[in-house]
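What follows is one structure encoded as structure tokens, with my remarks underneath.
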Amino acid sequence: QCAAVCPTGAITIKNDQSEVWKALYDPNKRVVVQIAPAVRVAIGEEFGFEPGENTLGKTVAALRRLGFDYVFDTSVGADLTIMEEAAELVEKLESGDRSMPLFTSCCPGWVRYAETKHPELMPYISTCKSPMQMLGAVLKTYYAPMDKKEHKETVSVAIMPCTAKKYEVSREEFKKNNVPYVDYVLTTLELISMIKEIGILFDRIEGESTDMPFALHSGAGEIFGVTGGVTEAAVRRVVADKSPKALKDIEFMGFRGMDGVKICEVDEGGLNLRIAVVSGLANAEALIRKIESGEEHFDFVEVMACPGGCVAGAGQPFARRKEKRMRGEGLYKLDKSSQLKRSEENPLVMDLYDDLLKNRTHELLHVHYKGQEK
Ligand code: SF4
């Protein structure tokens, strides 16, 4: 087994390809897979496509040829994350306590960093699970009755740009009765190696779409893969003005671009927010010092451990600044062509709240790390 190392330098993780192959060849297993937004704009580079080119359809088709039973898009989980994180932000603002910001929680590299270096910040970190874990919990819950009836076991796999996600799935907080909601994480590079191993001609394969009933997602969910994307999606959700003009205004609020620190003000319809978007842990550390010394004040802080966000994750093909930028632009292009721009416009999300998630949002969509209690 070969080892990969997380960009945070804190986590060493094993390669899960052989375990996934075993599950794929086991007739008693239903193997479901989800694909993170950042993967679709990078995986093609290994097969001759430009950075940023959307190869989601080809990736779906390749996963089916590898033997996966159902293929889903993590952007659906990102839509759920936005619904929950925006609600948390609104609740915080309404409480009147603006002394500390709400920090995002979807990057496991950042969460681990906060736990080890800044435990005093844990009460301010969102309790939302990452999009991968939210969709993972939905999928295991959805297939549980079918598993019982058909005497099968659902194995949940996630294709991620990230090595730290392997660590996340191993955490006790993301297991129910000792069974993880997501069983295995394959990095983009590991998936590339499996595609090559079996001889799939990725450049020639026809694109296919993801499976029902979890196929609908918004553009807001897709931009999660780039620094600033989570914040832009959350702001789209919280501002009262839902007009196309407001959407355009949000685009130019300063969340976009590859800078490691972006400071933005949201002044819309009575909402007055000061927001920081940071990527790279050195940038996060410098910002935390300013917040803790009182030099800076924010209401919301997005932190991604990898400079540039998930498009530049350690599990992706190697990227310089140019490739990172092009991958980010690829995600914004997908958002532009998406019919649904806001997470709350996604009818699937609303159906989930009315049905599978009814009275279970806390259990399935939230997590409590040690030290988070206020
Ligand atoms: Fe993983 Fe990096 Fe994305 Fe964090 S920013 S979730 S470490 S790829």
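None of the figures in this text is laboratory data; all of them are computed from the coordinates on show. Bear in mind that the values here come from a model prediction, so they are computed numbers and not experimental data. When we count neighbours, we look across all protein chains shown, and the Cβ atoms used for this are built from the backbone with ideal geometry, even at glycine.
Cut-off is 10 Å between beta-carbons; in what order do 198, 291 appear when sorted fewest neighbours first?
Going from least to most buried by this count: 198, 291.
Taking every DSSP beta bridge that has both residues in the chain, what percent is antiparallel when rounded to the nearest 5?
40 percent
Using the Cα atoms of the chain, I'd like the radius of gyration and the largest Cα-Cα distance, Dmax, both in angstrom.
In order Rg, Dmax, the Cα atoms of the chain give 19.4, 59 Å.
Quick one: 3J(HN,Hα) in Hz for segment 244-252, Karplus 6.51/-1.76/1.60 with θ = phi - 60°, rounded, Gly and Pro as x.
Once θ is set to phi - 60°, the couplings for segment 244-252 become x, 5, 4, 4, 5, 4, 4, 4, 9 Hz.
Would you list 290, 92, 129 from fewest to most Cβ contacts within 10 Å?
Numbers: 290 14, 92 18, 129 25.
Placing the least packed residue first, the sequence is 290, 92, 129.
Provide the per-residue ³J(HN,Hα) series for segment 354-370, in order, calculated from phi with Karplus coefficients 6.51, -1.76, 1.60 and θ = phi - 60°, each as a whole number of Hz, with x at glycine and proline positions.
In residue order, the calculated couplings are 7, 10, 4, 8, 4, 6, 10, 4, 4, 5, 8, 10, 10, 9, 10, 7, 4 Hz.
Taking the Cα atoms of segment 178-336, report the difference between the largest and smallest coordinate on each principal axis, in whole Å and largest first.
Rounded to whole Å, the extents work out to 55, 42, 37 Å.
Measure off 7 Å from each Cα along the Cα-to-Cβ vector at residue 344 and residue 285, then give the distance between these two points in nanometres to one decimal.
Taking the two extended label points, one gets 4.0 nm.
7 Å from Cα along Cα→Cβ at both residue 247 and residue 265: what's the point-to-point distance in nm?
Result: 2.7 nm between the two label points.
Can you give the calculated 222 nm mean residue ellipticity of the chain, where each DSSP H run of n ≥ 4 adds -39,500 (n - 2.57) and the sum is split over every residue, rounded to the nearest 500 deg cm²/dmol?
Taken over the chain, the calculation gives -12500 deg cm²/dmol.
In what order do 259, 351 fall by count of nearby beta-carbon atoms within 10 Å, going from fewest to most?
Final ranking by Cβ density, sparse to dense: 351, 259.
Roughly how many nanometres apart are two label points built 7 Å out from the Cα toward the Cβ at residue 21 and residue 148?
Taking the simple label geometry, residue 21 and residue 148 are separated by 3.6 nm.
Starting from segment 219-292, pick out the GluC sites (Glu not before Pro) whose DSSP state is loop and whose Cβ has at most 13 other Cβ atoms within 10 Å. Mind dumping the intermediate values first?
Numbers: sites: 222, 232, 251, 265, 268, 285, 292; in loops: none.
In loop regions of segment 219-292 (DSSP not H, G, I, E or B), there are no sparsely surrounded GluC sites (Glu not before Pro).
Give the residues of segment 181-203 whose amide nitrogen is closer than 16 Å to a point set 7 Å from the Cα of residue 65 in the direction of its Cβ.
191-203
Once fully extended, how much extra length lies between residue 176 and residue 116, figured as 0.36 nm per residue of separation less the alpha-carbon to alpha-carbon distance? Can you show the working numbers first?
On the way: separation 60, 0.36 × 60 = 21.60 nm, distance 2.46 nm.
Here the answer is 19.1 nm.
If each residue of separation counts as 0.36 nm, what is the full-extension length gain between residue 329 and residue 206 once their alpha-carbon separation is subtracted?
Values: separation 123, 0.36 × 123 = 44.28 nm, distance 2.36 nm.
Full-extension gain reported as 41.9 nm.
Which parts of segment 238-278 would a label at residue 295 reach, counting a residue when its backbone N lies under 18 Å from a point 7 Å out along Cα-to-Cβ?
Answer for this model: 260-264, 275-278.
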